[in-house]
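A short write-up of the structure that comes next.
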């Protein structure tokens with residue numbers, strides 16, 4: 001995604017004129033989860049600037065200049081009720097290390113975590129209910145991934161019996177959208193900690209990790225082509241993640 005991320009962080013790559021980060025936050029907000037902690041790394045100052053200028057970037061406004069400066073924003077009655085903590089977590093810090101660094105800002109017993117590049121039509125309220133029902137420390141959302149390649153069935157002679165262009169794979173893959181107990185912080189051990197490796201492996205070994213199966217839409221934005229696909233969905237009013 002060098003075309004998009006050479007000069008800005010991935011969460012600020014735009015879909016329909018808004019950063020994908022905004023889309024993810026709107027997904028949570030539609031289920032009345034409005035308190036966010038952002039783990040900043042690469043070009044994190046740009047994310048700070050986005051929120052510092054949030055109203056100016058998203059609303060009309062009138063400015064009075066001179067000695068008595070003032071600014072009036074228009075049509076903000078429907079403004080998003082976000083509370084956002086922006087935390088510098090280091091340029092080279094790994095995923096688990098970033099979560100550990102922001103633990104001081106997380107005061108509830110249970111919190112949610114996801115990545116800044118994936119959108120979904122997941123029912124977040126149902127995800128939380130599932131987590132509360134099993135009593136384990138961690139829940140990860142899993143989905144059926146779409147193969148990046150055409151799949152071919154070949155007989156013994158080499159004849160192609162079936163060709164399917166980029167089908168959905170039967171196996172399950174992590175989609176992020178975690179629900180975690182605060183005790184998960186005990187599984188994190190410093191800046192070099194990669195959340196998807198030792199912590200999740202230990203949680204699984206301790207029988208403390210459950211999977212929430214999501215059969216609906218999930219799309220991770222990993223390439224420039226996928227940026228274009230998401231924008232096309234949005235422009236055609238065919239964006240399944242727009243649940244608000």
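Brief remarks on what is shown
- Among residues of region 101-116 being part of a helix (DSSP H, G or I) and farther than 27 Å from residue 18 by Cα, the one that is farthest from the chain's Cα centre (by Cα) is 104.
- The sole residue among 140, 119, 128 that is within 14 Å of residue 184 (Cβ to Cβ) and either outside any loop (DSSP other than H, G, I, E, B) or touching a residue at least 12 places away in the same chain (Cβ under 8 Å) (or both) is 140.
- Identity of the residue in region 19-61, under 23 Å from residue 228 (Cβ atoms) and free of Cβ contacts under 8 Å to residues at least 24 places away in the same chain, that ends up surrounded by the fewest Cβ atoms within 10 Å (Cβ to Cβ): 57
- Breaking point among (1) more than 15 Å from residue 143 (Cβ to Cβ); (2) at pLDDT below 95; (3) surrounded by 13 or more Cβ atoms within 10 Å (Cβ to Cβ); (4) touching a strand residue (DSSP E or B) at 6+ places or on another chain (Cβ under 7 Å), for residue 223: (4)
- Within region 232-243, the set of residues being closer than 19 Å to residue 115 by Cα and either at pLDDT 95 or above or loosely packed, with under 14 Cβ neighbours inside 10 Å (or both) comprises 239, 240, 241, 242.
- Residues in region 69-89 that are assigned to a loop (DSSP other than H, G, I, E, B) and modelled with pLDDT under 95: 10 in all.
- Looking across region 116-134, just one residue is surrounded by fewer than 17 Cβ atoms within 10 Å (Cβ to Cβ) and either in contact with a helix residue (DSSP H, G or I) (Cβ under 6 Å, 6 or more places away or on another chain) or closer than 25 Å to residue 193 by Cβ (or both), and that is 134.
- For region 117-139, filtering for residues that are within 22 Å of residue 201 (Cβ to Cβ) and more than 18 Å from the chain's Cα centre (by Cα) leaves 6.
The values are calculated or read from the model by the stated rules, or taken from the named source; none is laboratory data. All values reported here derive from a predicted model rather than from experimental measurement. Methodologically, a virtual Cβ is constructed for each residue, glycine included, from the backbone with ideal geometry; neighbour enumeration extends over all protein chains shown.
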